[in-house]
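The values are calculated or read from the model by the stated rules, or taken from the named source; none is laboratory data. Predicted model only: the values in this text are computed from it and were never measured. Positions of Cβ are generated from backbone atoms using ideal geometry, with glycine treated the same way; all protein chains shown enter the neighbour counts. Quick note on the areas: whole protein, heavy atoms, side chains included, nothing else; ligands and nucleic acids left out. Shrake-Rupley method; radii C 1.70, N 1.55, O 1.52, S 1.80 Å.
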Amino acid sequence: MGRTLPEENLSQTVIDEATLAAAVDDAVARVLAAPDLAEQDVPDEVERLLSGDGGAQAGAGATAAAGIAQQAVTLDGLEVIQEVQDPDHSVPLVAGKTTIVRAYLSYLQPVSVRGELHIARSAAGPWRTVASIGAAQLHPSRSGSSLAQLRTRRVDLDHSLNFQLPADLTAPGDLVLRMGAVRRDTGTPLPSLAALPTRTVTFHPAAPFRLRLVRVRYRYGTPPRIHEPSATDVTLIASWLRRAYPIATLELSTTTIDANQPPMQPPPEFGPEAINAQLIALRAVDVASGTDERTHYYGMVADSGFFMRGKASGIPHPARLGVVASGPTGPSTFSWDFDGSYGDWYGGHELAHTLGRFHAEFCNAGGGAPYPFPNGQLSDADERFIGIDVGDAALGLPMRVLRGTVAHDVMTYCDDQWLSSFTYAGVLERLAEEDALAAGPGTRALAGPAAVLDGAEAMVRLIAAVNVTRSSGSVTAVLPSAEAADPDPGGAAGYDVAVRVVDAEGTVLDERPAVFMPSACEEADEDVTGVVDMTLPTPAGEAVVEVLVAGQVVDSRPVGGEVSPVGAVVGADPRADSAGGPSGGSALELRWDRPEAPSGQRYTIQVSEDGGETWRTVAVDLAEPAVSLAPEELTADEITVRVLATTGTGATAERTDTVRVR
């Protein structure tokens, strides 16, 4: 005969606990079923039943009469948290976002417990049960419901019983929460009154965050090598935004572009203002091709070649679409971030600027606005506010608490960054404001493919990067615009930046102050940089557009003239990068002919993997008839490639071809 399971020898204390637990559970169930009993009277009624008055089971009554509240597990608080919260639940709960419920329990002796949470849409039920994520370590020294008494449990996940709500129960509307059974970690029940209090919370609909993440590829070093953000960088920023931002939905798309690297410049060959100008041009083409105008654009630049400080093209107030940002990424820990890429929180900082958030002026962050907590912390010294990072199991990131006096707001330059309740609420409000705006092209839509504009209405959109301090700059793109000038271009006053249009003989046709947008995130001792983005009347014939700083021409671009047709697009097989890129990646090179093209002709490249239903822009304002694609961003065996040729005015020539990828 085979062996049987060994008998489990329980102590008398545990046996008494289990006996009392059964009696308490029975009494609690009877009390909760009473329809007209006020919640404040519930504990007394349970006590009455357990004392034997009212039909409680004999044997438990004498013990219970001594005071069941001193012998049972009691609930000191239920806290529902997604990113940051206080005991009063002043931070709104976003419908559809990962949600953690933390139960703060008291017991008369040290014990490791697990438990259940009952959840319903109304107090009448029906109720669903969720098991705790793990065990909680209870101790008599950790008891009480005041903010000070809860503190040691709120700052340590091991000292609270934690539950993750099912996604379908975080839909908009009210949710009623009540504790269920509480057991020792070994499985034996404990007497518990934790089910008596209830907590009702409300989940609110929230706008999605629409993001085009642009991987910026560049050459750097001796010999030159390709540098670009890794797949880890992309994955981690997406995860971080979902966890930290007040959103349930991240509408993420990615693309890769080559940085404009002008020759004859010492390293670094480009700064964030140059990348931001490229992003603005890229966005202009995308929006004209159907991309939701409410989409934010962020450029990631790998620090494996050099470190490019992040900057946004502005801090819009009120809500204004089209502000972009860019910043560095890489594996540095900054002495506190060990997930493999700092580009996640760094990108969250720069993107928050595009959502109207100023710096919190701590740890050398300047140019900010008032902030409610000392030292850039998430909370005052009482730690009323506590942060939680729900983690990402797929990436090996555990759930963790961010203490209110240790972690800092993402808009500071301090360590241990997260969104405070102040920043969280501001981003939530701005996303709602943006979501209410129109999704279609704005007042400066790019002329569509093969468009021929009426000469009386045609405009030219000029985008340039400028360094005011060094009186330098470069024209990023000159694009035909389908509508009139933006009546509220959003530029800043007080900068000596201008734009001039001259004809072939040098006669000035137009000269006006530029719409200059200074970069956000610049410190007082840094160069003043920014982006010019404005529309101009289309010149009648061939002309030159000039950008001036302090009266000196810093760059120019020939415009106008007849557009030369584009030859067939030819794709080479994917090849290992000849420069020996550090990521060991490959490139798909596309080329086309440009017979007799004028000097000002430039090319915009778009790809489609659904036969032309949707388009993704991969290059804007190319001077040479060639572009390299990132094969990892292509899932189809064949792609449709569209080349748009323009001289910046009037007509756009289009060529569409099918190219085999693999």
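In this structure, is residue 279 at pLDDT 95 or above and surrounded by fewer than 22 Cβ atoms within 10 Å (Cβ to Cβ)?
no
Which residue, of 76, 26, 88, is open to solvent by 60 Å² or more (accessible area, probe 1.4 Å), at pLDDT 75 or above and closer than 30 Å to residue 248 by Cα?
Of 76, 26, 88, the one residue that is open to solvent by 60 Å² or more (accessible area, probe 1.4 Å), at pLDDT 75 or above and closer than 30 Å to residue 248 by Cα is 88.
Would you be able to tell me the number of residues in segment 537-552 that are within 39 Å of the chain's Cα centre (by Cα) and either open to solvent by 50 Å² or more (accessible area, probe 1.4 Å) or within 18 Å of residue 496 (Cα to Cα) (or both)? Walk me through how you get there before you give the answer.
Step one: list which residues in segment 537-552 are within 39 Å of the chain's Cα centre (by Cα), which gives 537-538, 545-550.
Next, only the ones that are either open to solvent by 50 Å² or more (accessible area, probe 1.4 Å) or within 18 Å of residue 496 (Cα to Cα) (or both) stay: 537, 545-550.
Going through segment 537-552 one residue at a time, the tally reaches 7.
Yes/no per residue for (1) surrounded by 24 or more Cβ atoms within 10 Å (Cβ to Cβ); (2) at pLDDT 95 or above; (3) of a type in the set (Asp, Glu):
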{"site": "319", "(1), (2), (3)": "no, no, no"}
{"site": "325", "(1), (2), (3)": "yes, yes, no"}
{"site": "331", "(1), (2), (3)": "no, yes, no"}
{"site": "337", "(1), (2), (3)": "no, yes, yes"}
{"site": "345", "(1), (2), (3)": "no, yes, no"}
{"site": "358", "(1), (2), (3)": "no, yes, no"}
{"site": "366", "(1), (2), (3)": "no, no, no"}
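I'm checking my understanding of the structure. Among residues of segment 392-411 that are in a loop (DSSP other than H, G, I, E, B) and under 17 Å from the mean Cα position of the chain (by Cα), which one is nearest to residue 522 (Cα to Cα)?
Looking at residues that are in a loop (DSSP other than H, G, I, E, B) and under 17 Å from the mean Cα position of the chain (by Cα), I get 411.
Can you tell me how many residues within segment 108-119 are open to solvent by 10 Å² or more (accessible area, probe 1.4 Å) and touching a helix residue (DSSP H, G or I) at 6+ places or on another chain (Cβ under 9 Å)?
Qualifying residue count, segment 108-119: 2.
Quick grid of which residues meet (1) in a strand (DSSP E or B); (2) among the hydroxyl-bearing types (Ser, Thr, Tyr); (3) touching a residue at least 40 places away in the same chain (Cβ under 8 Å); (4) in contact with a strand residue (DSSP E or B) (Cβ under 8 Å, 6 or more places away or on another chain):
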{"position": "336", "(1), (2), (3), (4)": "no, no, yes, no"}
{"position": "339", "(1), (2), (3), (4)": "no, no, yes, yes"}
{"position": "347", "(1), (2), (3), (4)": "no, no, yes, yes"}
{"position": "351", "(1), (2), (3), (4)": "no, no, yes, yes"}
{"position": "363", "(1), (2), (3), (4)": "no, no, yes, yes"}
{"position": "370", "(1), (2), (3), (4)": "no, no, no, no"}
{"position": "375", "(1), (2), (3), (4)": "no, no, no, yes"}
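Please note which strands (runs of 3 or more DSSP E) are completely contained in segment 135-219 and include at least 2 residues that are in contact with a Ser or Thr (Cβ under 8 Å, 6 or more places away or on another chain).
Of the strands (runs of 3 or more DSSP E) lying wholly inside segment 135-219, those with at least 2 residues that are in contact with a Ser or Thr (Cβ under 8 Å, 6 or more places away or on another chain) span 136-138, 161-164, 173-184.
Can you name every residue in segment 120-139 that is crowded, with 20+ Cβ neighbours inside 10 Å and either within 33 Å of the chain's Cα centre (by Cα) or of a type in the set (Asp, Glu) (or both)? Outline the logic, then answer.
Filtering segment 120-139 down to residues crowded, with 20+ Cβ neighbours inside 10 Å leaves 132, 136, 138.
The answer is 132, 136.
So is residue 564 surrounded by fewer than 18 Cβ atoms within 10 Å (Cβ to Cβ), part of a loop (DSSP other than H, G, I, E, B), hydroxyl-bearing (Ser, Thr, Tyr) and modelled with pLDDT of 85 or more or not?
Yes: the conditions hold for residue 564.
So for segment 569-586 (the condition being at pLDDT below 90 and in contact with a Phe, Trp or Tyr (Cβ under 9 Å, 6 or more places away or on another chain)), does at least one residue qualify?
yes
Would it be correct to say that residue 242 is open to solvent by 10 Å² or more (accessible area, probe 1.4 Å) and assigned to a strand (DSSP E or B)?
Answer is no for this residue.
Which of the numbered conditions does residue 432 fail, given that it passes all the others? Conditions: (1) crowded, with 20+ Cβ neighbours inside 10 Å; (2) closer than 19 Å to residue 356 by Cα; (3) within 15 Å of the chain's Cα centre (by Cα).
It fails just one condition, (1).
So, in segment 186-209, how many residues would count as being buried (at least 22 other Cβ atoms within 10 Å of the Cβ) and closer than 30 Å to residue 435 by Cβ?
Number satisfying all stated conditions: 3.
Of the residues 142, 183, 151, only one is touching a Pro at 6+ places or on another chain (Cβ under 6 Å), more than 24 Å from residue 393 (Cα to Cα) and surrounded by 15 or more Cβ atoms within 10 Å (Cβ to Cβ); which?
Working: 142 fails: touching a Pro at 6+ places or on another chain (Cβ under 6 Å); 151 fails: touching a Pro at 6+ places or on another chain (Cβ under 6 Å).
The match here is 183.
Name the residues in segment 215-239 that are out of contact with any Asp or Glu (no Cβ under 8 Å at 6 or more places or on another chain) and open to solvent by 60 Å² or more (accessible area, probe 1.4 Å), would you?
Answer for segment 215-239, where residues must be out of contact with any Asp or Glu (no Cβ under 8 Å at 6 or more places or on another chain) and open to solvent by 60 Å² or more (accessible area, probe 1.4 Å): 219, 222, 223, 224, 225, 232, 235.
Among what's in segment 167-180 and is open to solvent by 60 Å² or more (accessible area, probe 1.4 Å) and not charged (D, E, K, R), pick the residue that is farthest from residue 426 (Cα to Cα).
For segment 167-180, the residue satisfying everything is 167.
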